[in-house]
Amino acid sequence: MLLQLLVLLVPAALGEDVTQRQLKPVKGVPHSRLHLYQSSTTDTFRCLDGSQTILYSQLNDDYCDCKDGSDEPGTSACGNAFFYCSNVGHKGNFIPTNRVNDKLCDCCDGSDEYDSGVECPNICDELGRAARIEREKIASVARKGFQKRQELAKEGQALRDSKLKDVEPLRQERANIEPERARLETEKKAVEEVEKKLQDEHRNQWEAVRIEKKKLRATDWFDELDLDKSGKIDREELRQNLFLDNDHDGFVSEDEVKSYLTIDEADFEHFQSSMYDRLKEARHQHREEMKYKEEQEKEKAKALENAPDDDDLLAEEDRHEEEEEDPEDVRAQEDDKMPAYPPEINEASEKAREARRLFDEVNEKVQDLDAKIREAEDFTNSDYGENYEWAALKDKCFDRNVQQYTYQFCPFGQNTQKDVGAYGGTSLGNFKNWSGGETNKYSKMHFGDGQQCWNGPKRSTDISIECGEENELVEVTEPAKCEYLFTFRTPLACTDPDKEIVHDEF
Ligand code: MAN
(Lines give C-alpha, C1' and ligand atoms only; values in the text may rest on other atoms or scores of the structure.)
Protein backbone atom coordinates (compact mmCIF):
# COMPACT_ATOMS: atom_id res chain seq x y z
CA MET A 1 0.00 0.00 0.00
CA LEU A 2 2.75 2.40 1.06
CA LEU A 3 4.71 1.66 -2.09
CA GLN A 4 1.68 1.91 -4.31
CA LEU A 5 0.93 5.39 -2.98
CA LEU A 6 4.51 6.49 -3.41
CA VAL A 7 4.64 5.25 -6.94
CA LEU A 8 1.46 7.18 -7.63
CA LEU A 9 2.72 10.41 -6.12
CA VAL A 10 6.31 10.44 -7.27
CA PRO A 11 6.58 10.01 -11.04
CA ALA A 12 4.30 12.93 -11.93
CA ALA A 13 6.84 15.34 -10.61
CA LEU A 14 10.09 13.78 -11.68
CA GLY A 15 10.19 15.39 -15.09
CA GLU A 16 10.15 18.96 -13.67
CA ASP A 17 13.43 20.81 -13.59
CA VAL A 18 13.72 22.13 -10.06
CA THR A 19 17.44 22.20 -9.61
CA GLN A 20 17.68 25.89 -10.38
CA ARG A 21 15.32 27.00 -7.61
CA GLN A 22 16.29 27.55 -3.99
CA LEU A 23 14.08 25.00 -2.21
CA LYS A 24 12.66 25.80 1.21
CA PRO A 25 12.51 22.79 3.55
CA VAL A 26 9.07 21.41 4.45
CA LYS A 27 8.75 19.05 7.44
CA GLY A 28 8.20 15.43 6.47
CA VAL A 29 9.09 15.97 2.80
CA PRO A 30 12.32 14.59 1.27
CA HIS A 31 14.53 16.86 -0.77
CA SER A 32 13.61 15.13 -3.96
CA ARG A 33 9.95 16.12 -3.49
CA LEU A 34 10.39 19.64 -2.13
CA HIS A 35 9.67 21.21 -5.51
CA LEU A 36 6.07 20.06 -5.15
CA TYR A 37 5.69 22.22 -2.06
CA GLN A 38 7.27 25.53 -3.17
CA SER A 39 4.92 28.53 -2.99
CA SER A 40 3.70 29.92 -6.22
CA THR A 41 3.46 33.61 -6.89
CA THR A 42 -0.08 33.51 -5.57
CA ASP A 43 1.04 32.11 -2.21
CA THR A 44 -1.26 29.14 -2.53
CA PHE A 45 -0.72 25.39 -2.42
CA ARG A 46 -2.64 23.00 -4.59
CA CYS A 47 -3.26 19.65 -2.92
CA LEU A 48 -1.19 17.04 -4.75
CA ASP A 49 -4.34 15.19 -5.81
CA GLY A 50 -5.57 18.49 -7.30
CA SER A 51 -8.70 18.35 -5.18
CA GLN A 52 -8.38 21.91 -3.84
CA THR A 53 -6.19 24.93 -3.36
CA ILE A 54 -5.31 26.28 0.08
CA LEU A 55 -3.14 29.03 1.46
CA TYR A 56 0.54 28.19 1.59
CA SER A 57 0.46 29.04 5.31
CA GLN A 58 -1.95 26.14 5.82
CA LEU A 59 0.83 23.63 5.06
CA ASN A 60 1.74 21.61 8.16
CA ASP A 61 -0.55 23.77 10.35
CA ASP A 62 -1.80 20.62 12.11
CA TYR A 63 -5.17 20.89 10.38
CA CYS A 64 -6.08 18.55 7.55
CA ASP A 65 -7.26 20.35 4.40
CA CYS A 66 -6.41 18.00 1.53
CA LYS A 67 -8.18 14.70 1.05
CA ASP A 68 -4.87 13.01 0.18
CA GLY A 69 -3.23 14.46 3.31
CA SER A 70 -0.59 16.17 1.17
CA ASP A 71 -0.91 19.45 3.10
CA GLU A 72 0.17 17.74 6.35
CA PRO A 73 3.28 15.65 5.55
CA GLY A 74 4.90 16.68 8.81
CA THR A 75 2.01 16.31 11.29
CA SER A 76 -0.45 13.60 12.16
CA ALA A 77 -3.46 15.82 11.34
CA CYS A 78 -4.41 13.88 8.20
CA GLY A 79 -2.77 10.61 9.04
CA ASN A 80 -3.09 9.29 5.51
CA ALA A 81 0.08 10.82 4.06
CA PHE A 82 3.73 9.90 4.57
CA PHE A 83 6.38 11.49 6.73
CA TYR A 84 9.95 11.25 5.53
CA CYS A 85 12.71 10.56 8.06
CA SER A 86 16.04 11.42 6.50
CA ASN A 87 17.89 9.04 8.88
CA VAL A 88 21.32 10.42 7.98
CA GLY A 89 23.90 7.68 8.43
CA HIS A 90 21.38 4.97 7.59
CA LYS A 91 18.52 4.77 5.09
CA GLY A 92 15.88 7.46 4.51
CA ASN A 93 12.44 6.11 5.18
CA PHE A 94 8.75 7.02 4.91
CA ILE A 95 6.36 6.33 7.78
CA PRO A 96 2.59 6.91 7.79
CA THR A 97 1.86 10.37 9.20
CA ASN A 98 -0.44 8.92 11.86
CA ARG A 99 2.75 7.78 13.59
CA VAL A 100 4.17 11.31 13.88
CA ASN A 101 4.36 12.46 17.51
CA ASP A 102 2.57 9.35 18.73
CA LYS A 103 5.16 8.91 21.50
CA LEU A 104 6.74 5.91 19.74
CA CYS A 105 10.08 6.19 18.02
CA ASP A 106 9.71 5.14 14.38
CA CYS A 107 12.59 6.93 12.69
CA CYS A 108 16.14 5.98 13.72
CA ASP A 109 17.03 9.70 13.83
CA GLY A 110 14.06 10.37 16.19
CA SER A 111 12.67 13.07 13.86
CA ASP A 112 9.10 11.72 14.01
CA GLU A 113 8.79 12.61 17.71
CA TYR A 114 9.74 16.32 17.51
CA ASP A 115 6.73 17.57 19.51
CA SER A 116 5.55 14.70 21.71
CA GLY A 117 7.86 15.19 24.64
CA VAL A 118 9.42 11.77 24.01
CA GLU A 119 13.18 11.81 23.57
CA CYS A 120 14.14 9.48 20.75
CA PRO A 121 17.91 8.86 20.55
CA ASN A 122 19.52 9.01 17.12
CA ILE A 123 20.69 5.45 16.43
CA CYS A 124 21.08 5.81 12.66
CA ASP A 125 24.90 5.59 12.66
CA GLU A 126 24.76 2.36 14.59
CA LEU A 127 22.03 0.83 12.43
CA GLY A 128 23.68 2.12 9.28
CA ARG A 129 26.96 0.49 10.21
CA ALA A 130 25.28 -2.85 10.93
CA ALA A 131 23.28 -2.63 7.71
CA ARG A 132 26.39 -1.86 5.70
CA ILE A 133 28.20 -4.85 7.20
CA GLU A 134 25.20 -7.07 6.39
CA ARG A 135 24.98 -5.64 2.86
CA GLU A 136 28.66 -6.23 2.35
CA LYS A 137 28.28 -9.82 3.52
CA ILE A 138 25.44 -10.42 1.08
CA ALA A 139 27.35 -8.69 -1.69
CA SER A 140 30.41 -10.80 -0.98
CA VAL A 141 28.36 -14.00 -1.29
CA ALA A 142 26.80 -12.65 -4.46
CA ARG A 143 30.20 -11.70 -5.88
CA LYS A 144 31.65 -15.16 -5.27
CA GLY A 145 28.44 -16.82 -6.45
CA PHE A 146 28.37 -14.69 -9.57
CA GLN A 147 31.95 -15.67 -10.31
CA LYS A 148 31.02 -19.37 -10.02
CA ARG A 149 27.93 -18.82 -12.11
CA GLN A 150 30.05 -17.43 -14.94
CA GLU A 151 32.30 -20.47 -14.79
CA LEU A 152 29.28 -22.78 -14.81
CA ALA A 153 27.85 -20.89 -17.77
CA LYS A 154 31.08 -21.58 -19.65
CA GLU A 155 30.81 -25.26 -18.78
CA GLY A 156 27.14 -25.32 -19.79
CA GLN A 157 27.87 -23.71 -23.13
CA ALA A 158 30.78 -26.07 -23.75
CA LEU A 159 28.48 -28.99 -22.96
CA ARG A 160 25.84 -27.68 -25.35
CA ASP A 161 28.43 -27.08 -28.08
CA SER A 162 29.77 -30.60 -27.68
CA LYS A 163 26.25 -32.07 -27.80
CA LEU A 164 25.52 -30.11 -30.94
CA LYS A 165 28.85 -31.10 -32.43
CA ASP A 166 28.37 -34.78 -31.59
CA VAL A 167 24.82 -35.12 -32.79
CA GLU A 168 25.56 -34.67 -36.50
CA PRO A 169 28.07 -37.54 -36.78
CA LEU A 170 25.63 -39.69 -34.78
CA ARG A 171 22.84 -38.92 -37.23
CA GLN A 172 25.21 -39.63 -40.09
CA GLU A 173 26.28 -42.95 -38.59
CA ARG A 174 22.67 -43.91 -38.07
CA ALA A 175 21.82 -43.08 -41.67
CA ASN A 176 24.76 -45.22 -42.86
CA ILE A 177 23.73 -48.20 -40.76
CA GLU A 178 20.03 -48.06 -41.59
CA PRO A 179 20.11 -49.85 -45.01
CA GLU A 180 22.08 -52.72 -43.46
CA ARG A 181 19.61 -52.91 -40.57
CA ALA A 182 16.67 -52.95 -42.99
CA ARG A 183 18.30 -55.66 -45.13
CA LEU A 184 19.02 -57.86 -42.11
CA GLU A 185 15.47 -57.36 -40.86
CA THR A 186 13.99 -58.50 -44.17
CA GLU A 187 16.33 -61.48 -44.21
CA LYS A 188 15.48 -62.38 -40.63
CA LYS A 189 11.75 -62.20 -41.36
CA ALA A 190 12.16 -64.43 -44.45
CA VAL A 191 14.05 -67.22 -42.67
CA GLU A 192 11.78 -66.96 -39.63
CA GLU A 193 8.82 -67.46 -41.92
CA VAL A 194 10.41 -70.58 -43.43
CA GLU A 195 11.14 -71.90 -39.93
CA LYS A 196 7.60 -71.24 -38.77
CA LYS A 197 6.07 -72.81 -41.86
CA LEU A 198 8.08 -76.02 -41.43
CA GLN A 199 7.36 -76.19 -37.72
CA ASP A 200 3.63 -75.61 -38.31
CA GLU A 201 3.55 -78.36 -40.92
CA HIS A 202 5.31 -80.74 -38.54
CA ARG A 203 2.94 -79.84 -35.72
CA ASN A 204 -0.15 -80.20 -37.88
CA GLN A 205 0.92 -83.58 -39.16
CA TRP A 206 1.56 -84.78 -35.64
CA GLU A 207 -1.73 -83.27 -34.48
CA ALA A 208 -3.63 -85.37 -37.06
CA VAL A 209 -1.82 -88.50 -35.88
CA ARG A 210 -2.45 -87.60 -32.25
CA ILE A 211 -6.17 -87.25 -32.87
CA GLU A 212 -6.20 -90.60 -34.64
CA LYS A 213 -4.36 -92.27 -31.77
CA LYS A 214 -6.68 -90.74 -29.25
CA LYS A 215 -9.59 -92.15 -31.22
CA LEU A 216 -8.02 -95.58 -31.09
CA ARG A 217 -7.57 -95.33 -27.33
CA ALA A 218 -11.16 -94.25 -26.97
CA THR A 219 -12.28 -97.17 -29.14
CA ASP A 220 -10.35 -99.64 -26.96
CA TRP A 221 -11.82 -98.23 -23.78
CA PHE A 222 -15.31 -98.10 -25.24
CA ASP A 223 -15.01 -101.81 -26.06
CA GLU A 224 -13.88 -102.52 -22.50
CA LEU A 225 -16.78 -100.59 -20.99
CA ASP A 226 -19.34 -102.07 -23.35
CA LEU A 227 -19.65 -105.29 -21.38
CA ASP A 228 -22.55 -106.79 -23.37
CA LYS A 229 -20.92 -105.80 -26.69
CA SER A 230 -24.12 -104.08 -27.77
CA GLY A 231 -22.23 -101.16 -29.31
CA LYS A 232 -23.68 -98.91 -26.59
CA ILE A 233 -22.76 -98.16 -22.98
CA ASP A 234 -25.52 -97.85 -20.41
CA ARG A 235 -25.48 -96.80 -16.75
CA GLU A 236 -25.35 -100.36 -15.47
CA GLU A 237 -22.20 -101.01 -17.44
CA LEU A 238 -20.65 -97.77 -16.19
CA ARG A 239 -21.45 -98.70 -12.60
CA GLN A 240 -19.00 -101.62 -12.86
CA ASN A 241 -16.10 -99.17 -12.72
CA LEU A 242 -14.96 -98.62 -9.15
CA PHE A 243 -13.07 -95.43 -9.96
CA LEU A 244 -16.46 -93.71 -10.18
CA ASP A 245 -17.14 -94.50 -6.52
CA ASN A 246 -16.88 -90.90 -5.40
CA ASP A 247 -18.07 -91.42 -1.82
CA HIS A 248 -15.79 -94.45 -1.36
CA ASP A 249 -18.54 -96.73 -0.02
CA GLY A 250 -17.29 -99.60 -2.21
CA PHE A 251 -20.22 -99.32 -4.54
CA VAL A 252 -20.94 -97.17 -7.60
CA SER A 253 -24.44 -95.79 -7.33
CA GLU A 254 -26.81 -94.64 -10.07
CA ASP A 255 -26.21 -91.07 -8.95
CA GLU A 256 -22.46 -91.41 -9.21
CA VAL A 257 -22.62 -92.25 -12.93
CA LYS A 258 -25.47 -89.88 -13.81
CA SER A 259 -23.27 -86.89 -14.52
CA TYR A 260 -21.08 -88.95 -16.90
CA LEU A 261 -23.92 -90.47 -18.82
CA THR A 262 -26.74 -87.99 -19.18
CA ILE A 263 -28.63 -89.99 -21.79
CA ASP A 264 -29.92 -93.55 -21.55
CA GLU A 265 -27.06 -95.11 -23.42
CA ALA A 266 -24.05 -93.78 -25.30
CA ASP A 267 -22.84 -94.90 -28.69
CA PHE A 268 -19.17 -94.48 -29.60
CA GLU A 269 -19.65 -90.96 -31.04
CA HIS A 270 -21.27 -89.74 -27.86
CA PHE A 271 -18.71 -91.52 -25.71
CA GLN A 272 -15.84 -89.96 -27.60
CA SER A 273 -17.15 -86.42 -27.71
CA SER A 274 -18.83 -86.11 -24.28
CA MET A 275 -17.55 -88.78 -21.94
CA TYR A 276 -14.04 -89.94 -22.73
CA ASP A 277 -12.06 -86.95 -21.38
CA ARG A 278 -14.14 -86.64 -18.23
CA LEU A 279 -13.99 -90.35 -17.47
CA LYS A 280 -10.26 -90.28 -18.02
CA GLU A 281 -9.91 -87.41 -15.59
CA ALA A 282 -12.10 -89.19 -13.01
CA ARG A 283 -9.98 -92.31 -13.25
CA HIS A 284 -6.79 -90.34 -12.89
CA GLN A 285 -8.21 -88.49 -9.88
CA HIS A 286 -9.21 -91.77 -8.27
CA ARG A 287 -5.73 -93.18 -8.67
CA GLU A 288 -4.16 -90.12 -7.10
CA GLU A 289 -6.45 -90.38 -4.12
CA MET A 290 -5.60 -94.01 -3.63
CA LYS A 291 -1.90 -93.26 -3.74
CA TYR A 292 -2.29 -90.55 -1.16
CA LYS A 293 -4.29 -92.76 1.17
CA GLU A 294 -1.72 -95.48 0.90
CA GLU A 295 1.09 -93.15 1.84
CA GLN A 296 -0.85 -91.95 4.84
CA GLU A 297 -1.41 -95.50 6.00
CA LYS A 298 2.24 -96.33 5.56
CA GLU A 299 3.19 -93.40 7.74
CA LYS A 300 0.67 -94.41 10.33
CA ALA A 301 2.12 -97.94 10.36
CA LYS A 302 5.64 -96.60 10.69
CA ALA A 303 4.55 -94.50 13.61
CA LEU A 304 3.09 -97.46 15.41
CA GLU A 305 6.24 -99.51 14.63
CA ASN A 306 4.14 -102.63 14.39
CA ALA A 307 4.89 -105.44 12.03
CA PRO A 308 2.09 -105.67 9.53
CA ASP A 309 -0.23 -108.65 10.08
CA ASP A 310 -1.59 -110.82 7.28
CA ASP A 311 -4.50 -108.58 6.50
CA ASP A 312 -2.22 -105.66 6.17
CA LEU A 313 0.06 -107.54 3.85
CA LEU A 314 -2.87 -108.45 1.69
CA ALA A 315 -4.06 -104.91 1.53
CA GLU A 316 -0.52 -103.88 0.69
CA GLU A 317 -0.45 -106.27 -2.26
CA ASP A 318 -3.76 -104.92 -3.55
CA ARG A 319 -2.43 -101.45 -3.44
CA HIS A 320 0.74 -102.44 -5.27
CA GLU A 321 -1.38 -103.77 -8.04
CA GLU A 322 -3.28 -100.52 -8.18
CA GLU A 323 -0.16 -98.42 -7.96
CA GLU A 324 1.11 -99.62 -11.32
CA GLU A 325 0.79 -96.93 -13.98
CA ASP A 326 -2.52 -97.02 -15.80
CA PRO A 327 -1.57 -98.35 -19.30
CA GLU A 328 -4.16 -96.00 -20.78
CA ASP A 329 -2.39 -93.05 -19.15
CA VAL A 330 0.99 -94.27 -20.33
CA ARG A 331 -0.29 -94.58 -23.89
CA ALA A 332 -1.90 -91.15 -23.72
CA GLN A 333 1.29 -89.55 -22.47
CA GLU A 334 3.31 -91.11 -25.23
CA ASP A 335 0.79 -90.20 -27.90
CA ASP A 336 0.64 -86.60 -26.68
CA LYS A 337 4.38 -86.09 -27.03
CA MET A 338 5.24 -84.41 -30.31
CA PRO A 339 8.11 -86.19 -32.07
CA ALA A 340 11.36 -84.22 -32.29
CA TYR A 341 11.84 -81.99 -35.34
CA PRO A 342 13.60 -83.62 -38.26
CA PRO A 343 17.07 -82.26 -39.26
CA GLU A 344 15.73 -79.99 -42.03
CA ILE A 345 13.59 -78.08 -39.50
CA ASN A 346 16.49 -77.84 -37.08
CA GLU A 347 18.58 -76.44 -39.92
CA ALA A 348 15.90 -73.83 -40.67
CA SER A 349 15.82 -72.93 -36.96
CA GLU A 350 19.56 -72.55 -36.90
CA LYS A 351 19.39 -70.24 -39.93
CA ALA A 352 16.67 -68.16 -38.24
CA ARG A 353 18.70 -67.97 -35.04
CA GLU A 354 21.75 -66.74 -36.92
CA ALA A 355 19.71 -64.18 -38.89
CA ARG A 356 18.20 -62.95 -35.61
CA ARG A 357 21.64 -62.65 -34.05
CA LEU A 358 22.97 -60.61 -36.99
CA PHE A 359 19.92 -58.37 -37.01
CA ASP A 360 19.96 -57.87 -33.21
CA GLU A 361 23.61 -56.87 -33.33
CA VAL A 362 22.98 -54.05 -35.82
CA ASN A 363 19.63 -53.15 -34.31
CA GLU A 364 21.21 -52.66 -30.88
CA LYS A 365 23.73 -50.31 -32.44
CA VAL A 366 20.89 -48.31 -34.02
CA GLN A 367 19.00 -48.17 -30.74
CA ASP A 368 22.09 -47.01 -28.95
CA LEU A 369 22.63 -44.25 -31.54
CA ASP A 370 18.95 -43.25 -31.29
CA ALA A 371 19.24 -42.91 -27.51
CA LYS A 372 22.34 -40.74 -27.86
CA ILE A 373 20.69 -38.56 -30.53
CA ARG A 374 17.56 -38.21 -28.39
CA GLU A 375 19.60 -37.24 -25.36
CA ALA A 376 21.48 -34.58 -27.30
CA GLU A 377 18.24 -33.25 -28.79
CA ASP A 378 16.57 -33.19 -25.37
CA PHE A 379 19.52 -31.30 -24.01
CA THR A 380 19.55 -28.67 -26.71
CA ASN A 381 15.77 -28.27 -26.57
CA SER A 382 15.66 -27.86 -22.77
CA ASP A 383 15.71 -24.52 -21.02
CA TYR A 384 18.94 -24.39 -19.04
CA GLY A 385 19.00 -20.61 -18.75
CA GLU A 386 20.19 -17.89 -21.09
CA ASN A 387 23.77 -19.11 -20.94
CA TYR A 388 23.12 -22.82 -20.33
CA GLU A 389 24.51 -22.40 -16.81
CA TRP A 390 21.69 -24.47 -15.22
CA ALA A 391 22.89 -27.48 -17.22
CA ALA A 392 25.46 -27.83 -14.44
CA LEU A 393 22.65 -29.14 -12.20
CA LYS A 394 21.34 -31.71 -14.69
CA ASP A 395 21.45 -35.20 -13.13
CA LYS A 396 22.36 -33.77 -9.69
CA CYS A 397 20.26 -34.10 -6.53
CA PHE A 398 20.27 -32.35 -3.14
CA ASP A 399 19.00 -33.77 0.16
CA ARG A 400 17.63 -32.29 3.35
CA ASN A 401 16.37 -34.11 6.44
CA VAL A 402 13.27 -32.64 8.07
CA GLN A 403 11.73 -34.55 10.94
CA GLN A 404 11.23 -38.19 9.90
CA TYR A 405 11.79 -37.49 6.19
CA THR A 406 14.66 -37.06 3.78
CA TYR A 407 13.59 -34.73 0.99
CA GLN A 408 15.43 -34.87 -2.29
CA PHE A 409 15.49 -32.13 -4.92
CA CYS A 410 16.66 -33.20 -8.39
CA PRO A 411 16.53 -29.96 -10.45
CA PHE A 412 15.47 -31.40 -13.83
CA GLY A 413 14.25 -34.78 -12.62
CA GLN A 414 12.01 -35.92 -9.81
CA ASN A 415 11.69 -34.77 -6.19
CA THR A 416 11.06 -37.33 -3.48
CA GLN A 417 10.17 -37.70 0.16
CA LYS A 418 11.25 -40.84 2.01
CA ASP A 419 11.63 -42.01 5.56
CA VAL A 420 15.17 -41.25 6.74
CA GLY A 421 17.39 -44.19 5.79
CA ALA A 422 14.71 -45.87 3.65
CA TYR A 423 15.10 -46.88 0.02
CA GLY A 424 12.81 -45.42 -2.67
CA GLY A 425 10.14 -42.99 -1.53
CA THR A 426 7.15 -40.88 -2.48
CA SER A 427 7.31 -38.81 -5.65
CA LEU A 428 6.73 -35.11 -4.99
CA GLY A 429 6.56 -34.38 -8.71
CA ASN A 430 8.61 -34.19 -11.89
CA PHE A 431 10.17 -31.03 -13.27
CA LYS A 432 7.55 -29.17 -15.30
CA ASN A 433 8.75 -25.62 -15.90
CA TRP A 434 10.50 -22.49 -14.74
CA SER A 435 7.88 -20.46 -12.94
CA GLY A 436 9.50 -17.19 -11.88
CA GLY A 437 7.40 -15.15 -14.29
CA GLU A 438 8.59 -12.75 -16.95
CA THR A 439 10.82 -10.62 -14.78
CA ASN A 440 12.73 -13.39 -13.03
CA LYS A 441 11.90 -16.63 -14.80
CA TYR A 442 14.82 -18.59 -13.31
CA SER A 443 13.97 -17.74 -9.69
CA LYS A 444 11.34 -20.48 -9.37
CA MET A 445 10.68 -24.02 -10.60
CA HIS A 446 7.51 -26.04 -10.60
CA PHE A 447 7.31 -29.83 -10.21
CA GLY A 448 4.00 -31.61 -10.77
CA ASP A 449 2.29 -34.99 -11.28
CA GLY A 450 3.74 -36.56 -8.15
CA GLN A 451 2.21 -39.45 -6.21
CA GLN A 452 -1.52 -39.02 -5.60
CA CYS A 453 -2.24 -37.71 -2.12
CA TRP A 454 -4.74 -39.67 -0.08
CA ASN A 455 -8.01 -37.73 -0.42
CA GLY A 456 -6.13 -34.91 -2.10
CA PRO A 457 -4.28 -33.71 -5.22
CA LYS A 458 -1.26 -35.24 -6.89
CA ARG A 459 1.82 -34.12 -4.96
CA SER A 460 3.66 -31.07 -6.31
CA THR A 461 6.63 -28.91 -5.35
CA ASP A 462 7.50 -25.28 -5.92
CA ILE A 463 11.14 -24.32 -5.65
CA SER A 464 12.19 -20.88 -4.58
CA ILE A 465 15.73 -20.18 -5.77
CA GLU A 466 18.09 -17.81 -3.98
CA CYS A 467 21.67 -16.72 -4.42
CA GLY A 468 24.18 -18.66 -2.30
CA GLU A 469 27.85 -19.53 -2.48
CA GLU A 470 27.14 -23.27 -2.71
CA ASN A 471 24.32 -25.42 -4.04
CA GLU A 472 22.18 -26.26 -1.02
CA LEU A 473 18.61 -27.22 -0.22
CA VAL A 474 18.13 -24.93 2.78
CA GLU A 475 14.45 -25.26 3.65
CA VAL A 476 11.54 -27.63 3.08
CA THR A 477 7.96 -26.91 4.12
CA GLU A 478 4.51 -28.26 3.25
CA PRO A 479 2.33 -25.12 3.24
CA ALA A 480 -0.73 -27.11 2.11
CA LYS A 481 -1.35 -30.85 2.23
CA CYS A 482 0.82 -32.54 -0.42
CA GLU A 483 2.02 -29.15 -1.77
CA TYR A 484 5.66 -28.68 -0.88
CA LEU A 485 7.90 -25.64 -0.94
CA PHE A 486 11.66 -26.01 -1.20
CA THR A 487 14.16 -23.18 -0.85
CA PHE A 488 17.30 -23.82 -2.82
CA ARG A 489 20.47 -21.71 -2.72
CA THR A 490 22.86 -21.76 -5.62
CA PRO A 491 25.54 -19.58 -7.21
CA LEU A 492 23.44 -19.81 -10.37
CA ALA A 493 20.95 -17.32 -8.89
CA CYS A 494 23.61 -14.72 -8.02
CA THR A 495 23.72 -11.47 -9.97
CA ASP A 496 26.68 -9.09 -10.05
CA PRO A 497 26.29 -7.02 -6.82
CA ASP A 498 28.53 -4.29 -8.17
CA LYS A 499 26.08 -3.62 -10.96
CA GLU A 500 23.06 -3.30 -8.66
CA ILE A 501 21.84 0.22 -7.82
CA VAL A 502 20.75 0.90 -4.25
CA HIS A 503 17.91 3.44 -3.96
CA ASP A 504 17.99 5.13 -0.59
CA GLU A 505 15.62 8.00 -1.23
CA PHE A 506 13.03 8.99 -3.78
C1 MAN B 1 2.46 -38.58 3.83
C2 MAN B 1 3.46 -37.49 3.51
C3 MAN B 1 2.96 -36.13 3.98
C4 MAN B 1 1.56 -35.88 3.46
C5 MAN B 1 0.64 -37.02 3.80
C6 MAN B 1 -0.74 -36.83 3.18
O7 MAN B 1 2.41 -38.78 5.20
O8 MAN B 1 3.62 -37.49 2.11
O9 MAN B 1 3.84 -35.10 3.54
O10 MAN B 1 1.04 -34.68 4.01
O11 MAN B 1 1.18 -38.24 3.33
O12 MAN B 1 -1.60 -37.84 3.49
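The values are calculated or read from the model by the stated rules, or taken from the named source; none is laboratory data. What you are looking at is a predicted structure, and each value in this text was computed from that prediction instead of being measured. Quick reminder, even Gly has a Cβ in these numbers, built from the backbone with ideal geometry, and neighbours come from all protein chains shown. Surface accessibility is based on the protein's heavy atoms, side chains included, excluding ligands, DNA and RNA. Shrake-Rupley method; radii C 1.70, N 1.55, O 1.52, S 1.80 Å.
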* Do we find a residue being in contact with a Gly (Cβ under 8 Å, 6 or more places away or on another chain) and surrounded by 14 or more Cβ atoms within 10 Å (Cβ to Cβ) anywhere in the range 141-149? -> yes
Going through the range 19-75 in order, the residues found to be in contact with a strand residue (DSSP E or B) (Cβ under 7 Å, 6 or more places away or on another chain), charged (D, E, K, R) and open to solvent by 40 Å² or more (accessible area, probe 1.4 Å) are ASP43, ARG46
Of those in the range 441-459 that are within 12 Å of the ligand (Cβ to nearest atom) and buried (at least 17 other Cβ atoms within 10 Å of the Cβ), the residue nearest to TYR384 (Cα to Cα) is GLY450
Here the qualifying pairs (Cβ atoms under 9 Å; residues six or more apart or on different chains; first in the range 446-460 and farther than 15 Å from PHE431 by Cβ and without any contact (Cβ under 8 Å) to a residue 12 or more places away in the chain; second within 12 Å of the ligand (Cβ to nearest atom) and assigned to a loop (DSSP other than H, G, I, E, B)) come out as GLN452/ARG459; GLN452/CYS482; TRP454/CYS482; ASN455/LYS481
Exception for LEU428 within (1) in contact with a Cys (Cβ under 9 Å, 6 or more places away or on another chain); (2) touching a residue at least 60 places away in the same chain (Cβ under 8 Å); (3) aliphatic (A, V, I, L, M); (4) within 16 Å of the ligand (Cβ to nearest atom) falls at (2)
For this session: Might you check whether a residue that is over 25 Å from ARG135 (Cβ atoms), of a type in the set (Gly, Ala, Ser) and under 56 Å from the mean Cα position of the chain (by Cα) occurs anywhere in the range 73-82?
Result: yes
Among LYS188, LYS163, the single one that is part of a helix (DSSP H, G or I) and either exposed (fewer than 13 other Cβ atoms within 10 Å of the Cβ) or at pLDDT 95 or above (or both) is LYS188
Flagged in the range 359-417 as open to solvent by 70 Å² or more (accessible area, probe 1.4 Å), free of Cβ contacts under 8 Å to residues at least 60 places away in the same chain and within 16 Å of the ligand (Cβ to nearest atom), in numbering order, are ASN401, GLN403, GLN404, GLN414
When every residue in the range 473-492 that is in contact with an Asp or Glu (Cβ under 6 Å, 6 or more places away or on another chain) and among the hydrophobic types (A, V, I, L, M, F, W, C) is compared, the one most open to solvent (accessible area, probe 1.4 Å) is LEU485
Picked from the range 460-472 (must be away from the ligand (no atom under 16 Å from the Cβ) and open to solvent by less than 60 Å² (accessible area, probe 1.4 Å)), the residue farthest from SER382 (Cα to Cα) is GLY468
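Mind checking which strands (runs of 3 or more DSSP E) fall wholly inside the range 416-468 and carry at least 3 residues that are more than 14 Å from the chain's Cα centre (by Cα)? Talk me through it step by step, then tell me what you get.
Values: elements: 426-434, 444-448, 460-467.
Qualifying strands (runs of 3 or more DSSP E): 460-467.
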Are any of the residues in the range 210-229 of a type in the set (Gly, Ala, Ser) and open to solvent by 40 Å² or more (accessible area, probe 1.4 Å)?
no
When every residue in the range 340-358 that is open to solvent by less than 50 Å² (accessible area, probe 1.4 Å) and within 26 Å of PRO179 (Cα to Cα) is compared, the one farthest from the chain's Cα centre (by Cα) is ALA348
The correct count of residues that are of a type in the set (D, E, K, R) and not in a loop (DSSP other than H, G, I, E, B) in the range 62-120 is 3
Q. Does the range 252-269 contain any residue that is within 25 Å of GLN333 (Cα to Cα) and open to solvent by 60 Å² or more (accessible area, probe 1.4 Å)?
A. yes
Per the list (1) in the same structural domain as GLY69 (by the TED database); (2) on the phi < 0 side of the Ramachandran plot, residue check on LYS154 breaks on (1)
The number of residues in the range 253-305 that are assigned to a loop (DSSP other than H, G, I, E, B) and on the phi < 0 side of the Ramachandran plot is 8
